[in-house]
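Here the structure is laid out as structure tokens; the discussion comes afterwards.
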Amino acid sequence: MTTRSRWLILLVSTPLVALVTLGGMLGATTPLNQKGFPQLRAFQDVVSLVLEAYVEEVDIDRVMDGAMRGLAESLDPASAYLRPDEARLAEEGAPLEAGDIGVVVTRQFYLRVVAVRDGSPAADAELRTGDYIRAINDVPTRDMSAMTGTRLLRGDPGSTVRLLVIRGNAADPHEIAVARKVLTAAPVQTTRL
């Protein structure tokens, strides 16, 4: 091999070797530099195991819906994962029915009453703060968002909603029928300083 051939090979191969080396160093990432969620790897492993080894056929959409619901509910009682139809209603600002029973609910395993308006149908039916609503018109509230529960509690004025309520003993739920009505805004009392 001539000297000229050697120089030509050196000139061609040196940039090629440098490019491959530099590309390998830039393309390699170390776990310390990654800004990801290592929990997602565990989640992926669990989903893979469920899909591959579960005894029965798995509905992956139902599994993912449950995972998303659990993620949102683990934040706080006011956070909720909304199904696409629920999210659409929220985005559109769909109006609520005029008839109301006068309660505010949140999610806490079932729907939980966090406020009962004085003089409301709910107060007249003796619903209390802290009561759990296990079902609304025979629809279980276990997997229901507070938004959907609020929509189901509302309806035409004069119509009745049936609630399966747990107070104290979960083994002894009782049914309460509450008539919806249009609630007027209570006057706000102000005091002068």
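The values are calculated or read from the model by the stated rules, or taken from the named source; none is laboratory data. Every value quoted in this text rests on a predicted model; they were computed, and no experiment measured them. A quick note on method: Cβ atoms are made from the backbone with ideal geometry, for glycine too, and the neighbour counts reach across all protein chains shown. Accessible surface areas use protein heavy atoms only, side chains included; no ligands, DNA or RNA. Shrake-Rupley method; radii C 1.70, N 1.55, O 1.52, S 1.80 Å.
With loop membership from DSSP and a limit of 16 other Cβ atoms within 10 Å, the longest segment of the chain without GluC sites (Glu not before Pro) is 127-193.
Applying 1/(1 + (r/R0)^6) with r as the Cβ-Cβ distance of ASP118 and SER79 and R0 = 25 angstrom yields a FRET efficiency of 0.30. Relative to the longest principal axis of the Cα atoms of the chain, the long axis of helix 3-27 lies at roughly 10 degrees.
Each of SER159 and THR3 was given a label point 7 Å from its Cα along the Cα-to-Cβ line. The distance between the two points is 9.9 nm. Assign one of three labels to segment 41-81, namely rounded, prolate or oblate, based on the Cα gyration tensor with a ≥ b ≥ c the square roots of its eigenvalues; rounded applies when a/c is under 1.5, prolate when it is not and a/b is larger than b/c, and oblate otherwise. Verdict is prolate for segment 41-81. Rg then Dmax, both in Å and based on the Cα atoms of segment 1-104: 28.3, 97.
At 7 Å along the Cα-to-beta-carbon direction for both LEU16 and ARG88, put a label point, then send me their distance in nm to one decimal. Inter-label distance under the simple model: 5.8 nm.
Remark: the chain carries 73 Å² of accessible area per residue (probe radius 1.4 Å; ligands, DNA and RNA excluded). Relative to the longest principal axis of the C-alpha atoms of the chain, give the angle of the C-alpha long axis of helix 60-73, reported between 0 and 90° and rounded to the nearest 10°. Once rounded, the angle reads 70 degrees.
Pairwise inverse Cα distances across the chain, averaged and inverted, put the Kirkwood hydrodynamic radius at 22.0 Å. Seen against the Cα atoms of the chain and their longest principal axis, helix 38-53 is set at about 80 degrees. Solvent-accessible area of the chain (1.4 angstrom probe, protein heavy atoms only): carbon and sulfur portion equals 59 percent.
A crude spin-label estimate for the pair ALA171 and PHE37, with each label 7 Å from Cα along the Cβ direction, gives 4.0 nm.
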